[in-house]
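Heads up: the structure comes next, in structure tokens.
The values are calculated or read from the model by the stated rules, or taken from the named source; none is laboratory data. Note that the coordinates shown come from a computational prediction; the quantities given were computed from them, not determined experimentally. So basically every Cβ, Gly included, is an ideal-geometry build from the backbone, and we count neighbours across all protein chains shown. What goes into the accessible areas is simple: the full protein's heavy atoms, side chains included, and nothing from ligands, DNA or RNA. Shrake-Rupley method; radii C 1.70, N 1.55, O 1.52, S 1.80 Å.
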Amino acid sequence: MKDITLLRHVDDLRAHIKAQRANGHRIGLVPTMGALHEGHLSLVNEIGQKVDTVIVSIFVNPTQFAAHEDLDTYPRHEAADLEKLSTTRASVVYAPSASDMYPSGFATSMAVAGPALGLETDERPHFFGGVGIVVTKLLLQVLPDVAIFGEKDYQQLLVIRRIVRDLNIPVEIIGGPIIREADGLAMSSRNAYLTRDQRAIAAHLNHILEQLAGSPHPPEEASAHARAALLEAGFSTVDYACIRDADTLDALGPETTSRRALIAARLGDVRLIDNMAAR
Ligand code: PAF
């Protein structure tokens, strides 16, 4: 196991990066909110093939949580996260405090349209503003050559690509594949909230998503089947189950060249999302 350099202040981070750059290193950033699982570690390994220095940020970002959401209870396991990362290509963890990221008087916000409209935004209207501001800050703090985000949050990945393009942030954004449990459930830090019974029901999500993605029926019909199947399996609410244009997340149209099936459904208070390429 190797030592990981833990940095909490942006000045220390920048000094460290300056030294790495002086050695000719390319820098990669993996933004996370901690509670790391195999999905995060695969992002670290994937980006590790493209850069010399991998920095993982761990920051539970308050601005992407609404007042009624799980900011206070979101799992925080920094020591365990550092241990997991010590077996990967990561060499630096950047874990700033909320007051360093959002000092008193912080007055900047972000509104994103385009791929941010609909789906997650219908349920979590604050979400992409919060993600946008923190990811923009992290990218400007680190100025990496490459940053990687999991495809599990597919809409988030498209939103971040759009922000980077719109604001001319000089970074390559790559998407990392979804890593799944043996029964197909996409790995997520929030899976820890599931009770035993809910965990059994959650396994249906991926199978219903596969049927939606491969359905020979027209998209509206396929979506209605997926909704009914989720409720039948025991999900309490279905926020969306649909097939969209994979590049824009718009409704399918003559311009569509590739499609994405996306589902968000709830088991009690736990909200699960998943997606995959559709036929
Ligand atoms: O996907 C996440 O873990 C978060 O939304 C991110 C990108 C780290 C921003 O807080």
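Per-structure values
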| quantity | calculated |
| --- | --- |
| Enumeration of residues in region 68-79 that are open to solvent by less than 80 Å² (accessible area, probe 1.4 Å), in contact (Cβ under 8 Å) with a residue 12 or more places away in the chain and not acidic (Asp, Glu) | Tyr74, Pro75 |
| Filtered residues of region 162-180 (kept if in contact (Cβ under 8 Å) with a residue 12 or more places away in the chain and either hydroxyl-bearing (Ser, Thr, Tyr) or out of contact with any helix residue (DSSP H, G or I) (no Cβ under 8 Å at 6 or more places or on another chain) (or both)) | Pro170, Glu172 |
| Residue check, Gly34 modelled with pLDDT of 95 or more and touching a Pro at 6+ places or on another chain (Cβ under 8 Å) | yes |
| Residue that is nearest to the ligand (Cβ to nearest atom), among those in region 186-206 that are more than 30 Å from Leu139 (Cα to Cα) and part of a loop (DSSP other than H, G, I, E, B) | Leu194 |
| Residue under evaluation Pro144, criteria (1) of a type outside the set (Asp, Glu); (2) closer than 21 Å to Ile58 by Cβ; (3) in a loop (DSSP other than H, G, I, E, B); (4) open to solvent by 10 Å² or more (accessible area, probe 1.4 Å), criterion not met | (4) |
| Filter result (more than 10 Å from the ligand (Cβ to nearest atom), part of a strand (DSSP E or B) and open to solvent by less than 50 Å² (accessible area, probe 1.4 Å)) within region 149-179 | Ile173, Ile174, Gly175, Gly176 |
| Qualifying residues in region 78-127 (those that are hydroxyl-bearing (Ser, Thr, Tyr) and part of a strand (DSSP E or B)) - the one farthest from the chain's Cα centre (by Cα) | Ser91 |
| Leu85, sole failed condition from (1) touching a residue at least 60 places away in the same chain (Cβ under 8 Å); (2) open to solvent by less than 20 Å² (accessible area, probe 1.4 Å); (3) within 12 Å of the ligand (Cβ to nearest atom) | (3) |
| Filter pass, Leu71 being of a type in the set (A, V, I, L, M, F, W, C), part of a helix (DSSP H, G or I) and either touching a helix residue (DSSP H, G or I) at 6+ places or on another chain (Cβ under 9 Å) or within 15 Å of the ligand (Cβ to nearest atom) (or both) | no |
| Inter-residue pairs, beta-carbon under 7 Å, first under 20 Å from Ile178 (Cα atoms) and in contact (Cβ under 8 Å) with a residue 12 or more places away in the chain and in region 209-227, second in a loop (DSSP other than H, G, I, E, B) and of a type outside the set (A, V, I, L, M, F, W, C), 6+ apart | Ala213/Arg279; Gly214/Arg279 |
| Whichever residue in region 54-65 is surrounded by fewer than 23 Cβ atoms within 10 Å (Cβ to Cβ) and over 15 Å from Arg190 (Cβ atoms) and, among such residues, is nearest to the ligand (Cβ to nearest atom) | Phe59 |
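Per-residue answers, yes or no, for (1) within 14 Å of the ligand (Cβ to nearest atom); (2) out of contact with any Ser or Thr (no Cβ under 9 Å at 6 or more places or on another chain); (3) modelled with pLDDT of 95 or more:
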{"position": "Ala15", "(1), (2), (3)": "no, yes, yes"}
{"position": "His25", "(1), (2), (3)": "no, no, yes"}
{"position": "Val30", "(1), (2), (3)": "yes, no, yes"}
{"position": "Leu43", "(1), (2), (3)": "yes, no, yes"}
{"position": "Ser91", "(1), (2), (3)": "no, no, yes"}
